[in-house]
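Below you'll find the structure, written out as structure tokens, and then a few comments.
The values are calculated or read from the model by the stated rules, or taken from the named source; none is laboratory data. Quick caveat, the model's predicted, so the values are computed rather than measured. Using ideal geometry, Cβ is built from the backbone for each residue, glycine included, and neighbour counts are taken over all protein chains shown. Each accessible area value is taken on the protein alone, full model and side chains, heavy atoms only, with ligands, DNA and RNA left out. Shrake-Rupley method; radii C 1.70, N 1.55, O 1.52, S 1.80 Å.
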Amino acid sequence: MKVTYLGHSGFLVETERAYYLFDYIRGELPVWKDGLSLYVFSSHSHEDHFCTGIFAPELAARVTAYILSYDIGKKFRRSRAGWLRGNGERILWAEPGKKLELETCRILPLKSTDLGAAFVVEEEDFCMYHAGDLNWWHWEGEAKAWNRNMEVNYKREIDRLAGRRMKLAFVPLDPRLGDAYWYGMEYFLRTVSAEAVFPMHFWEDYTVIPRYIAEHGTESNIVKIEREGQQYEI
């Protein structure tokens, strides 16, 4: 299994059966192997997670299906965007709690604490998770009740994964949260068993990864990302 970091929250996962492209907004894509399906996921409509470049002809010609969060459809349907009309048959709208069955995998969308969905993707012999913007957002300056409500909502969704064994997990580690940057990652690691955990959504501040490892002593399964385009064999 190969994982390529494409920037921000974008990753490409290659298995023996398929490619899975998550929240792609930039980065160099590979020469695709024949015989593998390509599934493109967008967790929500924010510009740092979704761009219409995923419908560019060269990429679209290779795509088996698009799995897009329901809020993307709500945002763009009224505009009658050309990409929406041209790819309607291949677009699956992901809604929290509603499972999707594809040829090579099953998908369970979770409810984001911001916008859209997170994705649990199960192939025959492994499981992976991409958080999108599902995170424990604790902002300095927000009301205590708001931050408490965010904590409860985040824990509720992550608790749905308790007992699962993940091969891969892509989890936010956002330095903009100040002293609370680690809350979501730490709770995820305490709740879910994951072989390899890729921090994401760190806004090109690569120092937050070794900082987290140094402060919390959880180096064993945290993947150290140092640059865009970096590849990993799992």
- line: Every listed condition ((1) in a strand (DSSP E or B); (2) modelled with pLDDT under 95) holds for LEU108 save (2)
- prompt: Can you spot a residue in the stretch 176-185 that is aliphatic (A, V, I, L, M) and modelled with pLDDT under 95?
  reply: no
message: Please count how many residues of the stretch 168-219 are of a type in the set (Gly, Ala, Ser) and either more than 23 Å from ARG148 (Cβ to Cβ) or part of a strand (DSSP E or B) (or both).
response: 6
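Does any residue of the stretch 29-38 turn out to be polar (S, T, N, Q), over 27 Å from THR113 (Cβ atoms), in contact with a Phe, Trp or Tyr (Cβ under 9 Å, 6 or more places away or on another chain) and open to solvent by less than 50 Å² (accessible area, probe 1.4 Å)? Show your work before the answer.
Taking the stretch 29-38 and keeping what is polar (S, T, N, Q), we get 37.
Filter once more, so that each one left must be over 27 Å from THR113 (Cβ atoms): 37.
Imposing the further condition that a residue be in contact with a Phe, Trp or Tyr (Cβ under 9 Å, 6 or more places away or on another chain) reduces the set to 37.
Now restrict to residues that are open to solvent by less than 50 Å² (accessible area, probe 1.4 Å): 37.
Among the residues of the stretch 29-38, at least one is polar (S, T, N, Q), over 27 Å from THR113 (Cβ atoms), in contact with a Phe, Trp or Tyr (Cβ under 9 Å, 6 or more places away or on another chain) and open to solvent by less than 50 Å² (accessible area, probe 1.4 Å), which makes the answer yes.
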task: Take the residues in the stretch 77-87 that are without any contact (Cβ under 8 Å) to a residue 24 or more places away in the chain and not in a loop (DSSP other than H, G, I, E, B), then tell me which one is most open to solvent (accessible area, probe 1.4 Å).
output: ARG85
- request: Go through the stretch 208-234 residue by residue and tally those that are touching a residue at least 12 places away in the same chain (Cβ under 8 Å) and either acidic (Asp, Glu) or under 22 Å from ASP23 (Cβ atoms) (or both).
  value: 18
query: Within the stretch 45-62, can one find any residue that is touching a residue at least 12 places away in the same chain (Cβ under 8 Å), in contact with a Leu (Cβ under 6 Å, 6 or more places away or on another chain) and either within 23 Å of GLU157 (Cβ to Cβ) or open to solvent by less than 50 Å² (accessible area, probe 1.4 Å) (or both)?
result: no
- request: Run VAL192 past the list (1) β-branched (Val, Ile, Thr); (2) touching a residue at least 40 places away in the same chain (Cβ under 8 Å); (3) under 19 Å from GLY7 (Cα atoms) and report the number of the one that doesn't hold.
  value: (3)
- prompt: How about the stretch 31-74: which of its residues are under 19 Å from the mean Cα position of the chain (by Cα) and assigned to a loop (DSSP other than H, G, I, E, B)?
  reply: SER43, HIS44, SER45, HIS46, GLU47, ASP48, HIS49, PHE50, CYS51, VAL63, THR64
Which numbered condition LEU134 fails, given (1) at pLDDT 95 or above; (2) over 15 Å from the mean Cα position of the chain (by Cα): (2)
- request: Would you check which residues across the stretch 148-165 are surrounded by fewer than 20 Cβ atoms within 10 Å (Cβ to Cβ), of a type outside the set (Gly, Ala, Ser), modelled with pLDDT of 95 or more and not in a helix (DSSP H, G or I) and list them?
  value: ARG160
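Rundown of residues vs (1) touching a helix residue (DSSP H, G or I) at 6+ places or on another chain (Cβ under 9 Å); (2) surrounded by fewer than 19 Cβ atoms within 10 Å (Cβ to Cβ); (3) of a type in the set (Gly, Ala, Ser), yes/no style:
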{"residue": "GLY184", "(1), (2), (3)": "yes, no, yes"}
{"residue": "THR191", "(1), (2), (3)": "yes, yes, no"}
{"residue": "GLU204", "(1), (2), (3)": "no, yes, no"}
{"residue": "THR207", "(1), (2), (3)": "yes, yes, no"}
{"residue": "PRO210", "(1), (2), (3)": "no, yes, no"}
{"residue": "LYS224", "(1), (2), (3)": "yes, yes, no"}
task: Could you check, for the stretch 69-92, whether at least one of its residues is touching a Lys or Arg at 6+ places or on another chain (Cβ under 8 Å) and under 28 Å from LEU161 (Cβ atoms)?
output: no
query: If you go through the stretch 131-141 one residue at a time, do you hit one that is in contact with a helix residue (DSSP H, G or I) (Cβ under 8 Å, 6 or more places away or on another chain), surrounded by 15 or more Cβ atoms within 10 Å (Cβ to Cβ), of a type outside the set (A, V, I, L, M, F, W, C) and under 21 Å from MET200 (Cα atoms)?
result: yes
- prompt: Of everything in the stretch 88-109 that's surrounded by fewer than 22 Cβ atoms within 10 Å (Cβ to Cβ) and of a type in the set (A, V, I, L, M), which residue is nearest to ALA60 (Cα to Cα)?
  reply: ILE91
